[in-house]
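A.B. asks: I'd like to ask you about the structure that follows.
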2 protein chains.
Amino acid sequence: MSKTKELSLKEQIIEAARQVLLSEGYRNFSLRKIAREIDVSATSIYLHFENKDDLIHTLMEQAIERLNDQLQQVAAEADGPIAKLEAVAYEYIRFALKNQREYQIIHLTSSDEMTRYPKEKFRKARKGYEIISSVLQEGVNADLIAEDKPRMAAYTFWAQLHGVMSVVLSKRLDTRIDQQEFIDEAIEHIIDGYKVRTALQTNNK
Amino acid sequence: MSKTKELSLKEQIIEAARQVLLSEGYRNFSLRKIAREIDVSATSIYLHFENKDDLIHTLMEQAIERLNDQLQQVAAEADGPIAKLEAVAYEYIRFALKNQREYQIIHLTSSDEMTRYPKEKFRKARKGYEIISSVLQEGVNADLIAEDKPRMAAYTFWAQLHGVMSVVLSKRLDTRIDQQEFIDEAIEHIIDGYKVRTALQTNNK
DNA sequence: TACATAAGTTAACACTGTTAACCTGTACGC
DNA sequence: GCGTACAGGTTAACAGTGTTAACTTATGTA
């Protein structure tokens, strides 16, 4: 009977976890703090999650899903392959800037800082690549993109985007470099790297 | 008198810290473990470093320095701007692959996972950008690179490289995607994004 | 009524970074 | 030679962490 009326404890934990993450950051993200937030003992979390990493993976999964949904949407709305690529790139950046801490945990899987992201969950993450991959294929069909391996290219494209975002978030940019300008320039360079190399499509003048 | 004969405690700490990092990973990197390694009390570390982050920053600084030295060397050895860019990119990847855990702490500064990298130390890190920046400028002068803001471009270039490396290290690549091929493709796309857009330089027949 | 099971609890373990208080030898002024 | 300042170390303690084991308590079923 407590199915729809109130959140299950598992859902409460996830919600509290996200809130703690957003307000305190990953560094101060602790199970006891989450438990305190919803007035429950810390060990109760273990009834619903294998361990801390498992809980974080769940947050990650949700964030990835939201990101992918956004990307799919802007890709569908934009007109033409190049515009779609641009839209996806900018949406990726927008999402990461708006959800910095969630974006960061997405990329925490790397390194030995955490247990590796489980394979089953990895499938969902792959959706983002498929979106980019099909946009690239569209571009190839329209003779705008030069690429014989769209799946591979989707991965490299994604990696480049992440790199840009990573530098922005690390706040390591030279003070003489404007953030927005950096983003604009980077995206332009990235996309240029996939365009066919003839003067035909370059609409600069 | 103990100046040259033996390592100072500070140096011993740094050395032990690196060893712990390399063998245990950042996740199991603890001050007490380092202290145990050199038979000293954990609190002694505080006599030589402000705190854990400060010690890590020191490791980071050294790693960055080594990386920059390598980049400078290969840039000097390569012939022509495009070849230099390629050499730098591949050396960056090679270094990161060979020194994964050290590379990872370099990019831990980001996020709130750690105190921000102090400004004074940031200056040294900037050297890497200068190397790329000057190679790019060389390319512009030779009409091979289209870029009016070499410093900005150095940052975008660097960011993309890091993104590629980050994806490789996260082991998140689709199993159908070969790592080396991914790296090759990515570097090609990155560099293509900076080349002038005429058929002149494309030496693909 | 008895019992199994689900969902929670408390207590404890082995860690962690960090601080405060204490010790101990060496250098130096008198 | 004596007192003192101080650099460089120590131990003890605090407040926090993830995680496990053992215990409780309610609920549904045979």
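The values are calculated or read from the model by the stated rules, or taken from the named source; none is laboratory data. Remember, it's a predicted structure, so these values are computed and weren't measured experimentally. Because the Cβ atoms are built from the backbone with ideal geometry, glycine has one as well, and the counts that use them run over all protein chains shown.
A.B. asks: Any idea which residue in the stretch A:93-116 is surrounded by the fewest Cβ atoms within 10 Å (Cβ to Cβ), counting only those that are under 22 Å from B:Asn99 (Cα atoms) and either within 9 Å of the chain's Cα centre (by Cα) or at pLDDT 75 or above (or both)?
C.D. replies: Per the stated criteria, the residue is A:Leu108.
A.B. asks: Tell me, please, whether a residue that is on the phi > 0 side of the Ramachandran plot and surrounded by fewer than 14 Cβ atoms within 10 Å (Cβ to Cβ) can be found in the stretch A:18-40. Give the steps one after another, and end with the answer.
C.D. replies: Initial filter on the stretch A:18-40 (on the phi > 0 side of the Ramachandran plot): A:25, A:39.
Checking which are surrounded by fewer than 14 Cβ atoms within 10 Å (Cβ to Cβ) leaves us with A:39.
Yes, because at least one residue in the stretch A:18-40 is on the phi > 0 side of the Ramachandran plot and surrounded by fewer than 14 Cβ atoms within 10 Å (Cβ to Cβ).
A.B. asks: Across the stretch A:9-30, which residue is farthest from DNA strand C (Cβ to nearest atom) among those that are among the aliphatic types (A, V, I, L, M) and more than 20 Å from the chain's Cα centre (by Cα)? Break it down stepwise before answering.
C.D. replies: Restricting attention to the stretch A:9-30, the residues satisfying the condition of being among the aliphatic types (A, V, I, L, M) are A:9, A:13-14, A:16-17, A:20-22.
Next, only the ones that are more than 20 Å from the chain's Cα centre (by Cα) stay: A:9, A:13, A:16.
Values: A:Leu9: 4, A:Ile13: 9, A:Ala16: 13 Å.
Result: A:Ala16.
A.B. asks: Suppose the filter is farther than 16 Å from A:Glu188 by Cβ and modelled with pLDDT of 95 or more; does B:Val168 pass it? Explain how you work it out, then say what you get.
C.D. replies: Numbers: farther than 16 Å from A:Glu188 by Cβ: yes; modelled with pLDDT of 95 or more: no.
No.
A.B. asks: Got a sec? Which of A:Ala42, A:Ala96, A:Ala75 is in contact with a Lys or Arg (Cβ under 8 Å, 6 or more places away or on another chain) and in the same structural domain as A:Pro118 (by TED's automatic domain parsing)? Talk me through it step by step, then tell me what you get.
C.D. replies: Numbers: A:Ala42 fails: in the same structural domain as A:Pro118 (by TED's automatic domain parsing); A:Ala96 fails: in contact with a Lys or Arg (Cβ under 8 Å, 6 or more places away or on another chain).
Just one listed residue meets the conditions, A:Ala75.
A.B. asks: Can you tell me which residue in the stretch B:117-140 is modelled with the lowest pLDDT, limited to those that are surrounded by fewer than 22 Cβ atoms within 10 Å (Cβ to Cβ) and assigned to a loop (DSSP other than H, G, I, E, B)?
C.D. replies: If we take residues in the stretch B:117-140 being surrounded by fewer than 22 Cβ atoms within 10 Å (Cβ to Cβ) and assigned to a loop (DSSP other than H, G, I, E, B), then B:Pro118 is modelled with the lowest pLDDT.
A.B. asks: Residues A:Gln100, A:Gln72: which one is more than 16 Å from DNA strand D (Cβ to nearest atom), away from chain B (no Cβ under 14 Å) and polar (S, T, N, Q)? Quick ask: steps written out before the conclusion?
C.D. replies: On the way: A:Gln100 fails: away from chain B (no Cβ under 14 Å).
Selected residue: A:Gln72, the only one of A:Gln100, A:Gln72 that is more than 16 Å from DNA strand D (Cβ to nearest atom), away from chain B (no Cβ under 14 Å) and polar (S, T, N, Q).
Table: residues versus (1) among the basic types (Lys, Arg); (2) over 30 Å from A:Ile190 (Cα atoms); (3) touching a residue at least 24 places away in the same chain (Cβ under 8 Å).
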| site | (1), (2), (3) |
| --- | --- |
| A:Arg32 | yes, yes, no |
| A:Ser41 | no, yes, no |
| A:Glu65 | no, no, yes |
| A:Asp69 | no, no, no |
| A:Ala76 | no, no, no |
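A.B. asks: On the given criteria, is B:Ala87 aliphatic (A, V, I, L, M), within 14 Å of DNA strand C (Cβ to nearest atom), buried (at least 19 other Cβ atoms within 10 Å of the Cβ) and without any contact (Cβ under 8 Å) to a residue 60 or more places away in the chain?
C.D. replies: Judged against the criteria, B:Ala87 is not a match.
A.B. asks: Take B:Glu77 and decide whether it is surrounded by fewer than 19 Cβ atoms within 10 Å (Cβ to Cβ) and within 16 Å of DNA strand D (Cβ to nearest atom).
C.D. replies: Details: surrounded by fewer than 19 Cβ atoms within 10 Å (Cβ to Cβ): yes; within 16 Å of DNA strand D (Cβ to nearest atom): no.
Against the criterion (surrounded by fewer than 19 Cβ atoms within 10 Å (Cβ to Cβ) and within 16 Å of DNA strand D (Cβ to nearest atom)), B:Glu77 does not qualify.
A.B. asks: Taking into account only those residues within the stretch A:31-64 that are within 14 Å of chain B (Cβ to nearest Cβ) and within 8 Å of DNA strand D (Cβ to nearest atom), which is nearest to the chain's Cα centre (by Cα)?
C.D. replies: That would be A:Asp53.
A.B. asks: From the set of residues in the stretch A:4-30 that are within 12 Å of DNA strand D (Cβ to nearest atom) and assigned to a helix (DSSP H, G or I), which is farthest from the other protein chains (Cβ to nearest Cβ)?
C.D. replies: Our first condition is that a residue be within 12 Å of DNA strand D (Cβ to nearest atom); within the stretch A:4-30, this holds for A:17, A:20-21, A:24, A:26-30.
Next, only the ones that are assigned to a helix (DSSP H, G or I) stay: A:17, A:20-21, A:24, A:26-28.
On the way: A:Ala17: 16, A:Val20: 13, A:Leu21: 10, A:Glu24: 9, A:Tyr26: 6, A:Arg27: 5, A:Asn28: 8 Å.
Once the filter is applied, the top-ranked residue is A:Ala17.
A.B. asks: Does the stretch A:51-71 include one or more residues that are within 16 Å of DNA strand C (Cβ to nearest atom), assigned to a loop (DSSP other than H, G, I, E, B), surrounded by fewer than 19 Cβ atoms within 10 Å (Cβ to Cβ) and not basic (Lys, Arg)?
C.D. replies: Scanning the stretch A:51-71 turns up at least one residue that is within 16 Å of DNA strand C (Cβ to nearest atom), assigned to a loop (DSSP other than H, G, I, E, B), surrounded by fewer than 19 Cβ atoms within 10 Å (Cβ to Cβ) and not basic (Lys, Arg).
A.B. asks: Which condition number does B:Glu77 fail, the rest of (1) away from chain A (no Cβ under 14 Å); (2) at pLDDT below 95 being met?
C.D. replies: Going through (1) away from chain A (no Cβ under 14 Å); (2) at pLDDT below 95 one by one, B:Glu77 breaks only (2).
A.B. asks: Across the stretch A:162-180, which residue is surrounded by the fewest Cβ atoms within 10 Å (Cβ to Cβ) among those that are more than 7 Å from chain B (Cβ to nearest Cβ) and in a helix (DSSP H, G or I)?
C.D. replies: A:Gln180
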